[in-house]
């Protein structure tokens, strides 16, 4: 009777009820999935995942620090599935892992790819486990940008630049790069490349000459990387977890513990859409003219 007299109100109430039930269900699922180190008892191994391009180090560093200070976490596994990324964040994560190895054992588990910046991070650990077909290596630095000068010339557009010094607009896409500018940028790339080699030599305790032999930017399979001394063992995530547990002195089964933030992926997925991701790409596009630990193929 009520539905017949007030069809629109009935529709609104029904829709609101369904939305409320859905929202409560999502929140409950998120809370259930967000269990972290507070929900277990005994000794465990902390697991931190690094997925995708490396653009920020803050969350990863916070998770590493949290596990380092938790006495019930006996060792840490860093699961890397990344083609690399920005130089600064890669170096920050590397440094945090190095500090952590002074107190706890850290093992890296490589997924499908752990190249360039992904490998930079990995070589800070006490041990590296890779799949035979993992794509890794790509020890190098790249800077890339697109030049639009010829296109602008064709359509009659003339850029006007006012600058405080001769190098302020180095890398501008609207003009050809001068020889002295190219030499300047090349020197910076070469310097960062040497930092990469030094980090590997120190982290892996390898002879610098051996590192340089593999540091020409090429990628390796996990099997090839092991032959070159770039990884320690071949195996999957479970093998890395077991090894970390042994290094941490854990007897019996190893309990993996994930950071709370990483368990909210379902909620983030439900609240995100392809449209918002597309808008993010358009409004905040990747800046190409920057130094990156990233293979050109990715």
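Here are a few things to note about the model shown:
- Condition check for residue 130: modelled with pLDDT of 95 or more, in contact with a strand residue (DSSP E or B) (Cβ under 6 Å, 6 or more places away or on another chain), closer than 30 Å to residue 142 by Cα and crowded, with 17+ Cβ neighbours inside 10 Å: yes
- Qualifying residue in the range 255-278 (condition: assigned to a helix (DSSP H, G or I), at pLDDT 95 or above, within 24 Å of residue 66 (Cα to Cα) and over 20 Å from the mean Cα position of the chain (by Cα)): no
- Here 154, 105, 163 are screened, and the one residue that is farther than 20 Å from residue 53 by Cα and surrounded by 12 or more Cβ atoms within 10 Å (Cβ to Cβ) is 105.
- Those residues of the range 32-72 which are in a strand (DSSP E or B) and modelled with pLDDT of 95 or more, in sequence order: 45, 46, 47, 48, 49, 50, 51, 54
- Check on residue 212, surrounded by 14 or more Cβ atoms within 10 Å (Cβ to Cβ), assigned to a helix (DSSP H, G or I) and either over 23 Å from the mean Cα position of the chain (by Cα) or without any contact (Cβ under 8 Å) to a residue 24 or more places away in the chain (or both): yes
- Test: residue 77 is buried (at least 24 other Cβ atoms within 10 Å of the Cβ), more than 16 Å from the chain's Cα centre (by Cα), modelled with pLDDT of 95 or more and assigned to a strand (DSSP E or B): no
The values are calculated or read from the model by the stated rules, or taken from the named source; none is laboratory data. Source: prediction; values computed, not measured. Positions of Cβ are generated from backbone atoms using ideal geometry, with glycine treated the same way; all protein chains shown enter the neighbour counts.
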